[in-house]
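No lab work stands behind these numbers, since they all come straight from the coordinates. Quick caveat: nothing in here was measured; it's all calculated off a predicted structure. Here the Cβ positions follow ideal geometry from the backbone for every residue, glycine too, while neighbour counts run over all protein chains shown.
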Amino acid sequence: GIQVEQSPPDLILQEGANSTLRCNFSDSVNNLQWFHQNPWGQLINLFYIPSGTKQNGRLSATTVATERYSLLYISSSQTTDSGVYFCAVELFSGGKLTFGQGTILTVHP
Amino acid sequence: DTGVSQDPRHKITKRGQNVTFRCDPISEHNRLYWYRQTLGQGPEFLTYFQNEAQLEKSRLLSDRFSAERPKGSFSTLEIQRTEQGDSAMYLCASPQSWIGGRLFFGPGTRLTVL
């Protein structure tokens, strides 16, 4: 099956710092989504981004489908950004999502 | 609030007991997905429905697991003869629209098997 690798596995930042999270995938995909899992376990959908760049406030994401990777940028990080960030890919429309192992982000005040 | 609700939020049971979880998806959306997440891992796909039809099942879904979606609305996931290895967070998800798009997850049911 498709492999999804995220890096780095752990990231520790001071509040106000910027960061880039990476997601590599091993096959062509129909779409890619980024999620944030908060400390209470709730998964929040951040982006649906099969290709191109999208921005939502301090967060932005870029997917280069031809090179099979996606990047999630977090600017001016806040303590509330802490949690686990997952990318997930879908091979065909309506199919299952395959998740990476996640990046654990800790933002200190 | 993602519009997906799950019940119960927590379940503690003894090994060998049966448990059933319920998911109420974003109303009138035809697809519904079940995932399982263990500590330190990303969610893993279990099964999904299109309306009342169960279209795909993961090999993670042993014979002790059964999922249903009567009338294409809410869904239930039952685990029979629970084992300690079944302890996990069970997540239900619903897509943004009829044609798919962003996937929205419920809060999950955390199962602990003693």
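For a paramagnetic label modelled on residue A:55 (point 7 Å from Cα along Cα→Cβ), amide N atoms under 19 Å away belong, within the stretch A:1-27, to A:16-21. Beta bridges per DSSP, both residues in the protein assembly as shown: antiparallel share near 90 percent. Computed from the Cβ-Cβ distance with R0 of 41 Å, the FRET efficiency linking residue A:15 to residue B:80 stands at 0.30. Annotation: the residues A:49, B:26, sorted from fewest to most other C-beta atoms within 10 Å of their own C-beta, follow the order B:26, A:49. Modelled label positions at residue B:38 and residue A:76, each set 7 Å beyond Cα in the direction of Cβ, lie 4.2 nm from each other. Normalising the average separation of contacting C-alpha pairs (under 8 angstrom, six or more residues apart) by the number of residues puts the relative contact order of chain B at 37 percent. Taking other residues whose beta carbon is less than 14 angstrom from the beta carbon of residue B:7, and scoring Lys, Arg as +1 and Asp, Glu as -1, yields +2. Neighbouring Cβ atoms from other chains, within 10 Å of the Cβ of residues in A:98-108, number 2 on average. The longest part of chain A holding none of the exposed loop chymotrypsin sites (Phe, Trp or Tyr not before Pro), meaning those outside H, G, I, E and B in DSSP with at most 16 other Cβ atoms within 10 Å, is A:41-91. Here residue B:71 is the anchor, and the lysines within straight C-alpha reach of less than 29 Å, apart from those fewer than 8 places off in the same chain, are A:96, B:11, B:57.
With R₀ fixed at 25 Å, the C-beta to C-beta distance from residue B:15 to residue A:104 puts the FRET efficiency at about 0.25.
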